[in-house]
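Some notes on the structure that comes next.
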Amino acid sequence: QPAANATTPAPPTGPTTTIQFDEQEYNFGKIKSGDKAEHEYTFKNTGSEPLVISNAKGSCGCTVPDWPKEPIPPGGTGKIKVVFDSKGKTGPQTKTVTITANTDPPNTIIYIKGEVEKAEGQ
């Protein structure tokens, strides 16, 4: 079997399941530059196998996801918390978080977006 591309985390092996997010996009509205926008995305394991999330990666260092490391049983739910740090950013922002799990396809993308306004004195 060929080696996996080093830049892409390998999806978990074994049986696959399905994931369903309550929402795949969150708009934080307007925040001041330097503020942080935070949101929890709720998901459900809609398949028949335990859901294992092997990785969640933000599209840049300003977007940091926190995800459950333990398997989610079939029918169970979990939350992925995403924090967007607007330091040094202004204008409309759309960031993504790519979730790698034992799903088919293995990657699911969720979005956080909004507008960053210049803070006073900037």
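Per-structure values
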| quantity | calculated |
| --- | --- |
| Matching residues, the stretch 15-37, being more than 11 Å from Gln93 (Cβ to Cβ) and aromatic (Phe, Trp, Tyr) | Phe21, Tyr26 |
| Where Gly121 falls short, out of the listed (1) open to solvent by 60 Å² or more (accessible area, probe 1.4 Å); (2) at pLDDT 95 or above | (2) |
| Number of the condition not met by Ile80 [criteria: (1) without any contact (Cβ under 8 Å) to a residue 40 or more places away in the chain; (2) crowded, with 18+ Cβ neighbours inside 10 Å] | (1) |
| Residues of the stretch 52-63 satisfying the condition of being hydrophobic (A, V, I, L, M, F, W, C) and under 21 Å from Asn102 (Cα atoms) | Val52, Ile53, Ala56 |
| Residue within the stretch 87-106 that is touching a His at 6+ places or on another chain (Cβ under 8 Å) and at pLDDT 95 or above present | no |
| Test: residue in the stretch 78-86 that is closer than 18 Å to Ile112 by Cβ and not in a strand (DSSP E or B) | yes |
| Matching residues, the stretch 90-113, being surrounded by fewer than 16 Cβ atoms within 10 Å (Cβ to Cβ) and not in a strand (DSSP E or B) | Thr90, Asp104, Pro105 |
| Yes/no for Thr8 being modelled with pLDDT of 95 or more and polar (S, T, N, Q) | no |
| When residues of the stretch 18-70 are limited to those that are of a type in the set (Ser, Thr, Tyr) and either open to solvent by 90 Å² or more (accessible area, probe 1.4 Å) or farther than 20 Å from Gly114 by Cα (or both), the one nearest to the chain's Cα centre (by Cα) | Ser54 |
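The values are calculated or read from the model by the stated rules, or taken from the named source; none is laboratory data. Predicted model only: the values in this text are computed from it and were never measured. We place every Cβ from the backbone using ideal geometry, glycine too, and count neighbours over all the protein chains shown. Accessible surface is based on the protein model in full, side chains and every heavy atom, while ligands, DNA and RNA are left aside. Shrake-Rupley method; radii C 1.70, N 1.55, O 1.52, S 1.80 Å.
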